[in-house]
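A.B. asks: One structure coming up, written as structure tokens, with questions to follow.
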Amino acid sequence: MHVMVLGAGLSGVTTAWYLTQAGLRVSLLDRQPGAGLETSFANGGQISISHPEPWANPGAPAQILRWLGRPDAPLMFRPSRDPAQWRWGLRFLLECLPARTHRNTAAIAALAVWSGQQLRALRAQLGLQYDQLGRGILHLFYTQAEYLKAHERARALRAFGIDARVLDRVQCLALEPALAARAGTLAGGIHAAGDESGDAHQFTRALAERLAAAGATLHWETELLGLEAAPGGDIAAAHVRRADGSSEVLRADAWVVCLGSYGARMLAPLGIRLPIYPVKGYSITAPVSNPALAPSVSLTDESRRIVCSRLGERLRVAGTAELNGFDTVVRPERIAAITDWVQAHFPGAIDAARAEPWAGLRPATPGNVPLIGRSARANLWLNTGHGTLGWTLACGSAAALAELMCKRRPGVDFPFLDAS
Ligand SMILES: Cc1cc2nc3c(=O)[nH]c(=O)nc-3n(C[C@H](O)[C@H](O)[C@H](O)COP(=O)(O)OP(=O)(O)OC[C@H]3O[C@@H](n4cnc5c(N)ncnc54)[C@H](O)[C@@H]3O)c2cc1C
């Protein structure tokens, strides 16, 4: 069977890899000149198994209202005339119901734990290098009210099989001495020792190289214009445009959609409605100017929703979420909020003048649960919609999809799709 994987971000490259390992003939296409150049390019770098709770939770609506009008709001809704944005927003509110949040959290947690195992196995198999660190993630609480809930939250994580330990301020500092500058305001934290960090773009690029060496066909600078299907039937072909402007028709026996935020638009003409909408985020990547002042444990500031990962000699700091359509403009005020955070928490740690700003579109479902499995067309499969956790969930989602396509049950309890 020849499978064509559409999109070469984290989801597409890992999907292509696991399908190749399952013995299938695989092609991968992307409009970019290489792998991982869109949303998978400069994310927060966290393998955050310890953050399964989605943004859509019972506390979210009130929190979003409190942040309204603040230019540095971690979550921001910029209303547009796009009906898809309003549909997504309403479904997001629905997913904030306690029972839905609980169900979504459990599904994400199970997949995240499994995905961590898959990533470690893949790394051991291939010896991939991507500035990875295994010092865990430290979730930081800067208000007493949040810290008071830490024990309950750590217990809930442990119930999902996730290693999580509550640390007081002194223990946080012992684990990560670079926190000293703001130690006075720190209430405490949760350390998830099994979590990791690493550069998703380096990982994706390295895996794409192995993929080519394993015999997969990689079509770069190949823009997918549309999929052709028999009425109600299988996908027969893909219409693409090459870098030189020429058009071509590509054929395969099965297709996997890993197109990030653009998948919903691509499938709409086939009558398939994916509940995916872009949620924009920002990051900076700055050279570390003083290693003793820069953190090496990956950090999550729970109050500001900012994450931070040490990537070799660089520090990646990411955050913010805007519901603002497909706009990828890098807004200086959003970047400034992130840069200010680093300079306040780790003064002297980075060379801010050489920081590289970036914005990307998280392909988010309302409940942050990805869409993995078969679509309404028998030979069209989905591995997309990973939202805030596409790096964390990449290997597990792809390994699971490969199992499903080979008619095997993946070893994880997750609501996989099977619309056929
Ligand atoms: C600021 C920020 C911080 C984040 N931090 C983290 C984190 O710390 N941990 C974590 O787990 N996740 C994080 N994420 C989420 C994670 O980065 C995403 O979920 C993930 O990158 C999505 O991968 P993807 O392969 O689905 O999409 P993409 O990486 O966008 O890949 C989709 C691919 O499809 C291609 N494509 C689209 N349309 C076409 C077309 N018509 N023709 C051809 N090719 C096409 C694109 O070129 C692209 O390469 C973060 C995201 C952001 C924005």
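A.B. asks: For region 389-406, take each phi angle, set θ = phi - 60°, evaluate the Karplus expression 6.51 cos²θ - 1.76 cosθ + 1.60, and give the result in whole Hz per residue in order, putting x for glycine and proline.
C.D. replies: 10, x, 7, 4, 9, 4, 5, x, 5, 5, 4, 5, 4, 4, 4, 4, 5, 9
A.B. asks: How large are Rg and Dmax for region 207-285 when calculated on the C-alpha trace, in angstrom?
C.D. replies: Rg then Dmax for region 207-285, in Å: 15.1, 47.
A.B. asks: In terms of modelled amide H atoms, which long-range or inter-chain residues lie less than 5 Å from the amide H of GLU356?
C.D. replies: Close amide H contacts, sequence-distant or interchain: THR285, ALA286.
A.B. asks: Here is a follow-up. Would you mind calculating the gained length between ASP72 and ARG155 on full extension (0.36 nm times residue separation, minus the Cα-Cα distance), in nm to one decimal?
C.D. replies: Extending this stretch completely gives an extra 26.7 nm.
A.B. asks: From the backbone phi of region 168-183, what are the Karplus-calculated ³J(HN,Hα) couplings (6.51 cos²θ - 1.76 cosθ + 1.60, θ = phi - 60°) in whole Hz, Gly and Pro given as x?
C.D. replies: 7, 4, 5, 5, 4, 5, 5, 6, 9, x, 5, 6, 4, 4, 10, 4
A.B. asks: Quick query: amide H of LEU167 versus all other amide H atoms, modeled in the peptide plane; which residues come in under 5 Å with a sequence gap of 5 or more or a different chain?
C.D. replies: HN-HN under 5 Å from LEU167: GLY189, ILE190, HIS191.
A.B. asks: Could you pull out every residue, at least 5 positions away or on a different chain, whose amide H is within less than 5 Å of the one on ARG362? Hs are placed 1.01 Å off N in the peptide plane, and Pro or chain starts have none.
C.D. replies: Those lying under 5 Å, H to H, from ARG362 are VAL279, LYS280, GLY281.
A.B. asks: Could you list the chymotrypsin sites (Phe, Trp or Tyr not before Pro) in region 277-368 that lie in coil according to DSSP, counting only those with at most 16 other Cβ atoms within 10 Å of their Cβ?
C.D. replies: Qualifying residues, ordered by number: PHE326.
A.B. asks: How large is Rg over Rh for region 114-164, taking Rg from the Cα atoms and Rh as the Kirkwood inverse mean of 1/r across Cα pairs?
C.D. replies: For region 114-164, the value is 1.13.
A.B. asks: Shifting gears a bit: Take the Cβ-Cβ distance between LEU94 and ALA213 as r, set R0 to 56 Å, and report the resulting FRET efficiency rounded to the nearest 0.05.
C.D. replies: Once rounded, the FRET efficiency stands at 0.80.
A.B. asks: For the chain, give me the percentage of DSSP beta bridges that are antiparallel, rounded to the nearest 5 percent.
C.D. replies: Bridges in the chain that DSSP calls antiparallel: roughly 70 percent.
A.B. asks: Let me ask something else about it. If one computes P(r) from the Cα atoms of the chain, what percent of pairs lie at distances over 40 Å?
C.D. replies: 13
A.B. asks: Between region 178-234 and region 344-399, how many Å separate their Cα centres?
C.D. replies: The two parts, judged by their Cα centres, are 7 Å apart.
A.B. asks: Same structure again: Wrap a convex hull around the Cα atoms of region 98-250, take a quarter of its surface area, and give that in square nanometres.
C.D. replies: Hull-based average projected area comes out at 15.0 nm².
A.B. asks: Region 1-87: D in µm²/s via Stokes-Einstein (Kirkwood Rh, Cα pairs, 10 °C, 1.306 mPa s)?
C.D. replies: Translational diffusion coefficient: 95 µm²/s.
Each reported figure results from applying straightforward, stated rules to the coordinates on display, with no laboratory input. This is a predicted model, so every value here is computed, not measured. Cβ atoms come from the backbone with ideal geometry, glycine included; neighbour counts cover every protein chain shown.
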